[in-house]
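Peer 1: Sharing a structure, written as structure tokens. Questions coming.
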Amino acid sequence: MERSLVLIKPDAIERGLVGTIISRLEEVGLKLVAMKMLHMDKELARRHYAIHQDKPFFNSLVNYITSAPIIAIIFEGEKAVEVIRKTMGATDPAKAEAGTIRGDFGLDIEHNTIHGSDSTETATEEIKLFFGEDEIFSY
Ligand code: IDP
Ligand code: MG
């Protein structure tokens, strides 16, 4: 079964949206197999977002994601990566469709509420940054 990494970002935790976001992902049939709350340090943030290291928003993104605790979750399900990306909506909340998590709750292109892996390969790499195999539940 496919796995993907979700991060509930600081803006969502601050606004009390954790339950709503988890519900939306459970409602589309995804199963929680690991979850933890943590305060990412800069090194973890730079590794997680390494692909963006040359972008103009990189430093701001690292500062934001390390500004307060986040919740890291592994969801498992049929086509989990694709299903999560669809449920999240476009990166920019202004462009995300109504009914998607970012479309309904995102504040701006940086403070967009949730992260979801963009491919199965990325998911495997990202999951390793946040969880050991012994922390992942098997049904
Ligand atoms: P994704 O989260 O939809 O995969 P990416 O392009 O991988 O989007 O960007 C990673 C994160 O970086 C976004 O979720 C958002 O928080 C932030 N970000 C992306 N583009 C911008 C931008 O143009 N300005 C500021 N922050 C951005
Ligand atoms: Mg991405």
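No lab work stands behind these numbers, since they all come straight from the coordinates. The structure displayed is predicted, hence computed values, not measured ones. Glycine gets a Cβ as well: all are built from the backbone with ideal geometry, and neighbour counts include every protein chain shown.
Peer 1: Just wondering, is there one or more residues in the range 128-138 that are charged (D, E, K, R) and either within 13 Å of ligand 1 (Cβ to nearest atom) or not in a helix (DSSP H, G or I) (or both)?
Peer 2: no
Peer 1: Continuing with the same structure: I need a count of the residues in the range 68-92 that are closer than 22 Å to Arg15 by Cβ and part of a loop (DSSP other than H, G, I, E, B).
Peer 2: Here the count works out to 6.
Peer 1: Please go through the range 25-40 and pick out each residue that is in contact with a strand residue (DSSP E or B) (Cβ under 8 Å, 6 or more places away or on another chain) and without any contact (Cβ under 8 Å) to a residue 24 or more places away in the chain.
Peer 2: Hit for the range 25-40 is Glu26, nothing else.
Peer 1: Name the single residue that is nearest to ligand 2 (Cβ to nearest atom) among those in the range 123-139 being under 16 Å from the mean Cα position of the chain (by Cα) and over 18 Å from Val62 (Cβ atoms).
Peer 2: Among those residues, the one meeting the criterion is Ala123.
Peer 1: Then there's this: Just to be sure I understand, how many residues within the range 107-121 are free of Cβ contacts under 8 Å to residues at least 40 places away in the same chain and either buried (at least 20 other Cβ atoms within 10 Å of the Cβ) or part of a helix (DSSP H, G or I) (or both)?
Peer 2: Residues flagged as free of Cβ contacts under 8 Å to residues at least 40 places away in the same chain and either buried (at least 20 other Cβ atoms within 10 Å of the Cβ) or part of a helix (DSSP H, G or I) (or both) within the range 107-121 amount to 1.
Peer 1: Could you check how many residues of the range 29-69 are surrounded by fewer than 16 Cβ atoms within 10 Å (Cβ to Cβ), aliphatic (A, V, I, L, M) and more than 20 Å from Lys128 (Cβ to Cβ)?
Peer 2: Number satisfying all stated conditions: 1.
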